[in-house]
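One structure is given below, encoded as structure tokens.
Rule-based calculations on the coordinates, nothing more; no lab input. In this text the structure is predicted, and so the values were computed from the model without any measurement. Glycine gets a Cβ as well: all are built from the backbone with ideal geometry, and neighbour counts include every protein chain shown.
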């Protein structure tokens, strides 16, 4: 059933800023919340060799917020000599506008991270 509203979409990618390359193999989970609140896990994906995750599920039409959970611990711990990851996961919660594409990259290093709305 169509709501008449354009679809909202979400994509992401993870860049390892310490190594200067994409972070492949990072699991990403997408959850959505509507105007009534309450999170619903919609599914997820794993970043490819280019660090991109472009096949995340489309959020429902009434979505007002998205949460991306990046499972970065295995990636960071797997780097040569890295040991245990300081940040085992990164969670990003952001608002969405109906019909817009939201690209939210994660810039990752062993002891810090940042995110931004990309294009």
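Please go through segment 79-105 and give me each residue that is farther than 25 Å from residue 61 by Cα and touching a residue at least 12 places away in the same chain (Cβ under 8 Å), ordered by number. It would help to see each step written out before you state the result.
Initial filter on segment 79-105 (farther than 25 Å from residue 61 by Cα): 79-90.
Hits for segment 79-105 are 79, 82, 85, 86, 87, 88, 89, 90.
Here is a list: 25, 34, 43. Which entry is surrounded by fewer than 17 Cβ atoms within 10 Å (Cβ to Cβ), touching a strand residue (DSSP E or B) at 6+ places or on another chain (Cβ under 7 Å) and touching a residue at least 40 places away in the same chain (Cβ under 8 Å)? Show your work before the answer.
Working: 34 fails: touching a residue at least 40 places away in the same chain (Cβ under 8 Å); 43 fails: touching a residue at least 40 places away in the same chain (Cβ under 8 Å).
Going through 25, 34, 43 in turn, the sole match is 25.
Screening residue 89 with (1) out of contact with any helix residue (DSSP H, G or I) (no Cβ under 8 Å at 6 or more places or on another chain); (2) surrounded by fewer than 17 Cβ atoms within 10 Å (Cβ to Cβ) gives one miss only, at (1).
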